[in-house]
1. Can you give me the number of residues within the stretch 90-108 that are among the small types (Gly, Ala, Ser) and part of a strand (DSSP E or B)?
2. For residues in the stretch 1-31 being modelled with pLDDT under 95 and of a type in the set (D, E, K, R), which is farthest from ALA50 (Cα to Cα)?
3. Would you check if there is a residue in the stretch 70-83 being free of Cβ contacts under 8 Å to residues at least 24 places away in the same chain, under 24 Å from ILE9 (Cα atoms) and over 11 Å from the mean Cα position of the chain (by Cα)?
4. So which residues in the stretch 70-89 are buried (at least 17 other Cβ atoms within 10 Å of the Cβ) and in a strand (DSSP E or B), if there are any at all?
5. Filter the stretch 53-63 down to residues that are assigned to a helix (DSSP H, G or I) and either free of Cβ contacts under 8 Å to residues at least 12 places away in the same chain or more than 15 Å from PRO19 (Cα to Cα) (or both), then give me how many there are.
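The values are calculated or read from the model by the stated rules, or taken from the named source; none is laboratory data. Note that the coordinates shown come from a computational prediction; the quantities given were computed from them, not determined experimentally. Virtual Cβ from ideal backbone geometry, glycine too; neighbours counted across all protein chains shown.
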Amino acid sequence: MRFHSRVGILPHEREHAQPIEIDVTVWRSRQGPANADTVLDYRRLYDLTALVVGLEPRYLEEIGDEIADQVMHGFGAQQVRVALRKPNVALPGPLAHAEVVIERRRDA
């Protein structure tokens, strides 16, 4: 998913929206045949992510934590992995992006 958000530590990052990319991977256990009650509705996952990103200005870690917590509680997830990337990071060397990964797992 791609969004624009005021996210970061530096003052200009808090004032001007910049692109961020978010991957959300969800593990669920399913009993029986697939139906509307047992499959993951990606629209709900996108809407949740967009809502959390919209609570700005923030840090990547806060956004990832909130998405992971909401998915664990509201999507019947056994495990979730949220990877957040900022492609336009100003650092002194070559860099494709900065990335933060948040993982949650339900205790067995």
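1. Qualifying residue count, the stretch 90-108: 1.
2. Ranking the qualifying residues of the stretch 1-31, first place goes to ARG30.
3. no
4. VAL80, ARG81, VAL82, LEU84, ARG85, LYS86
5. Number of matching residues: 2.
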